Amino acid sequence: QVPNVTLNDGREIPQLGFGVYQVSTDDIVPAVSKALEVGYRHIDTAAIYGNEEGVGQAIAESGIPREDLWITTKLWNNRHDDARAALEESLGKLGLDAVDLYLIHWPVAGQNLHVQAWESLVELQKAGLARSIGVSNFTEDHLNDVIDATDVIPAVNQIEVHPTLTVEHLIKYSTDRGIKIESWSPLGQSADLENPTITELAKTLGRTPAQVILRWHVQKGYIVFPKSTTPSRIEENFDIFDFELSADDLSAIDALNADNRVGPDPATFDLR
Ligand code: A2P
């Protein structure tokens, strides 16, 4: 039911996944278990989220064969010079031999270790610990830096994208180079759910605002993994493959861009 997107290394990633940013240690096992029960097979976590163990526990308890799951995690900013040990720690917490996708979580302004981190990820892919590798929150300059240094093009660039932040230039730049887009905060941390264009479209289509926005991501070709700890919303967000937005609907949503960033700006972000 969930379509796959083919990455530039030939591997296929389920286009819809389950995000666990800010899901607490109390909520993580029930949330991921619910998502797996509903049918999600792609989980997006990160070392910094502090919930890799819970993700691993829910996966193990589900009994779902490893090859049916896509698990993404991310290298935190203070480990750019120590990626192998960082990934091994994540794998230990997840209870896995390899992740499907390992990302550099942020390019750290002023630190300038993203090229070194990328060189390590290239090695980790060769070593089989990360089946696919990519980046997150990279600007055009950061992408150029790592591609120039290694000739290895990231499989994805995971960036903040939602109807009021459409970052069209960076997306075109990435996709022109064969880099797929993964959208984080796909609902704009829920702010975009109240946008009148979205609520009107939802009413017309007999869908919820979240379903309309997620459908927009899917039809734009983005990989998307909404986060929710509410069981009914986990179901609702998965139920987006039996309707379509028209070309006019898509253009109406494209026109909502207001450069409304809800997270940090990658050009200046330096948290470690
Ligand atoms: P909750 O986890 O309490 O269900 P984003 O992914 O853009 O950062 O947005 C995540 C936020 O959107 C969370 O607060 C989540 O709330 C909320 N959310 C997720 N899915 C839905 C939905 N279908 N309807 C309304 N709010 C949702």
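The values are calculated or read from the model by the stated rules, or taken from the named source; none is laboratory data. Given the structure is predicted, the values throughout are model-derived calculations rather than measurements. Reconstructed Cβ throughout: ideal geometry from the backbone, glycine too, with neighbour counts over all protein chains shown.
Does residue 216 count as aromatic (Phe, Trp, Tyr) and closer than 20 Å to residue 72 by Cβ? The answer is no for residue 216.
Among the candidates 234, 213, 198, 240, the residue that is of a type outside the set (S, T, N, Q) and not in a helix (DSSP H, G or I) is uniquely 240. Restricting 48, 43 to residues that are under 16 Å from residue 184 (Cα atoms) and assigned to a helix (DSSP H, G or I) narrows the list to 48. Got at least one residue in segment 250-263 being at pLDDT 95 or above, assigned to a loop (DSSP other than H, G, I, E, B), more than 20 Å from residue 203 (Cα to Cα) and of a type in the set (D, E, K, R)? So far as segment 250-263 goes, yes, one or more of its residues are at pLDDT 95 or above, assigned to a loop (DSSP other than H, G, I, E, B), more than 20 Å from residue 203 (Cα to Cα) and of a type in the set (D, E, K, R). One residue stands out in segment 202-217 among those that are surrounded by fewer than 22 Cβ atoms within 10 Å (Cβ to Cβ), in contact (Cβ under 8 Å) with a residue 24 or more places away in the chain and more than 8 Å from the ligand (Cβ to nearest atom): the one that is farthest from the chain's Cα centre (by Cα), namely 205. Residue 193 satisfies every condition listed in (1) of a type in the set (A, V, I, L, M); (2) closer than 21 Å to residue 3 by Cβ; (3) without any contact (Cβ under 8 Å) to a residue 40 or more places away in the chain; (4) outside any loop (DSSP other than H, G, I, E, B) except (2). What residue, among those in segment 216-231 that are outside any helix (DSSP H, G or I) and touching a helix residue (DSSP H, G or I) at 6+ places or on another chain (Cβ under 7 Å), is farthest from residue 44 (Cα to Cα)? Ranking the qualifying residues of segment 216-231, first place goes to 229. Screening 161, 156, 224 for residues that are within 11 Å of the ligand (Cβ to nearest atom), closer than 18 Å to residue 8 by Cα and among the β-branched types (Val, Ile, Thr) leaves exactly one candidate, 224. Tell me, please, whether a residue that is surrounded by 15 or more Cβ atoms within 10 Å (Cβ to Cβ), free of Cβ contacts under 8 Å to residues at least 12 places away in the same chain and more than 16 Å from the chain's Cα centre (by Cα) can be found in segment 249-270. Looking for residues that are surrounded by 15 or more Cβ atoms within 10 Å (Cβ to Cβ), free of Cβ contacts under 8 Å to residues at least 12 places away in the same chain and more than 16 Å from the chain's Cα centre (by Cα), one finds none in segment 249-270, hence no.
The rows are residues; the columns are (1) assigned to a helix (DSSP H, G or I); (2) surrounded by 21 or more Cβ atoms within 10 Å (Cβ to Cβ); (3) at positive phi; (4) touching a residue at least 60 places away in the same chain (Cβ under 8 Å).
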residue	(1), (2), (3), (4)
22	no, no, yes, yes
25	no, no, no, no
54	yes, yes, no, no
71	no, yes, no, no
78	yes, no, no, yes
81	no, no, no, no
89	yes, no, no, no
96	no, no, no, no
103	no, yes, no, no
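Is it the case, given these coordinates, that residue 146 is more than 17 Å from the chain's Cα centre (by Cα), farther than 19 Å from residue 236 by Cβ and buried (at least 21 other Cβ atoms within 10 Å of the Cβ)? So residue 146 fits the description; yes. Among the numbered conditions (1) touching a Pro at 6+ places or on another chain (Cβ under 9 Å); (2) farther than 25 Å from residue 70 by Cβ; (3) within 11 Å of the ligand (Cβ to nearest atom), tell me where residue 197 comes up short. Evaluating residue 197 over (1) touching a Pro at 6+ places or on another chain (Cβ under 9 Å); (2) farther than 25 Å from residue 70 by Cβ; (3) within 11 Å of the ligand (Cβ to nearest atom) leaves (3) as the failure. Each residue in segment 164-187 was checked for being within 16 Å of the ligand (Cβ to nearest atom) and in a loop (DSSP other than H, G, I, E, B), and 6 pass.
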